[in-house]
Every structure is written in C-alpha cells, then in structure tokens.
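Comments concern the structure below.
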Amino acid sequence: MIGADRSAAAPTARITDPWPAGLPPVGTVDQITDSTDVLIRPAAARAVTAAAYGLS
C-alpha cells in the first residue's frame, strides 16, 4: 500500500507498553517469506516471525 507508513503511524503512536512499542515495524509472516513450507507449519511461521523481530 502506498503511504502505509502514514496509515500505521496513528495506531502505533497509541502503543503505551514499552515492549511492543520497541519492536521494529515488521509485517506478517507471509510478508517475510513466501515459502509454503513455512506458512503451513505454525511453529515454523512463529520461528520465522521471532527471527525477524530479533527474538530468537
């Protein structure tokens, strides 16, 4: 989406909990990978998302 950063700014600005507020702006797992093997396995999808957020 063109201008998605503006659409995300308002709700993101309302996050008051420091933990999620400090996370980088990463989309959903299907934006990170298009691997069907990852997308059909919830544990793999969670691992990829955690790695993208630097949580693993």
Value of [θ]222 nm, deg cm²/dmol, for the chain, DSSP H segments ≥ 4, -39500 (n - 2.57) each, nearest 500: -14000 deg cm²/dmol
Go ahead and set up a Gaussian network model of the chain, Cα springs under 10 Å, then flag whichever of Pro24, Pro11, Pro42 fluctuates most. Pro11
Using a 1.4 angstrom probe and counting only protein chains, how large is the accessible area of Leu23 in Å², to 10? 50 Å²
Take the alpha carbon atoms of the chain, find their radius of gyration, then divide it by 2.2 N^0.38 Å using N residues; give the quotient. 1.30
Compute, for Asp37, the solvent-accessible surface of its heavy atoms (probe 1.4 Å) with the complete set of protein chains present, and express it in square angstrom to the nearest 10. 100 Å²
How far, in nm, would the chain grow between Leu23 and Arg41 when pulled straight, counting 0.36 nm per residue and subtracting the alpha carbon separation? 4.1 nm
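The values are calculated or read from the model by the stated rules, or taken from the named source; none is laboratory data. Nothing here was measured: the structure is a model prediction, and the numbers come from that model. Please note that ligands, DNA and RNA were not included when accessible areas were found on the heavy atoms of the full protein model with its side chains. Shrake-Rupley method; radii C 1.70, N 1.55, O 1.52, S 1.80 Å.
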